[in-house]
Amino acid sequence: MKMISNIGLILITGVVLGLLIRLLGGSSKTLVPSNSEVVYTNDLAADGLTEEEIVGIENPDVSYPPDTEAWLSRFELLERSGELVSSEDLLGSPYVVSFFFSTCPSICIQQNQKIKELQEEFDGQPVRFVAISVDPERDTPEQLREYAARFNADSEQWLFLTGELNYIRRVGAEVYRQPVNKQFHTERFVLVDPSGEIEGFYNWPEPAQFEKLKERISDYLEVEKTE
């Protein structure tokens, strides 16, 4: 009986010692990263940007489901002239839609230089260019008038539109099938036919696609001449 008690005591002691060793071994591992380790934080993600730039990109607005039309099929936005322009106003002739913002330092400038090239090639012809701002808080009609002047944009042929950001998100996604957000847009031109239907999406940095866009616009204009 005494032998059984001794064996039990030895087993219990072994289990206790094993647990103590495991606890002591685990506590020796540091939970603090070493100097050679990289810790990914929101601050690191914003590395290289000033506080003003970060605040400018942040979007505090909450999106809500539409309380009127379930899916946009038309729109109405404010042009740089101060006049409202609707999608119905654009019917009857082909038009090219793009998204941009006036404080963009590089891509938007190149993009609008491409539209300027189109404007010069189709000067005086019934095709329009519709540039929609994705930073409407800054891009007021006055700001857009100054910006348009940099490209010698014709007030009748090349429109610059602004509005409310959540609404512009919907116009981009639901009307023109383009993902847009504050200071975010694609590098595509959307060609819309005279009846208001999307003909195609053209990636303007691709020379072949840009030339095809010109050809397709010319095709529409030739049809209009014969009608």
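Throughout, read-outs are computed from the coordinates displayed, never taken from laboratory work. Everything numeric in this text was worked out from a predicted model, so none of it was measured. Neighbour counts are summed over all protein chains in view; Cβ atoms, including those assigned to glycine, are modelled from backbone coordinates with ideal geometry.
See the values below:
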{"item": "Dimensionless Rg ratio for the range 74-226, taking C-alpha atoms and the 2.2 N^0.38 Å reference", "result": "0.95"}
{"item": "Cβ-based net charge around L78, under 11 Å, with every Lys or Arg adding one and every Asp or Glu removing one", "result": "-4"}
{"item": "Length-normalised contact order of the range 74-226 in % [C-alpha pairs under 8 Å, at least 6 apart]", "result": "28 percent"}
{"item": "Rel. contact order, % - alpha carbon contacts under 8 angstrom, at least six apart, the range 141-227", "result": "13 percent"}
{"item": "³J(HN,Hα), Karplus 6.51/-1.76/1.60, whole Hz, each residue of the range 118-124, x for Gly, Pro", "result": "5, 4, 5, 6, 10, 4, x"}
{"item": "Kirkwood Rh, Cα atoms: Rg over Rh of the range 65-128", "result": "1.03"}
{"item": "Unsatisfied cross-links (Cα-Cα over 20 Å) in the set K116/K214; K114/K212; K116/K212; K116/K225", "result": "K116/K225"}
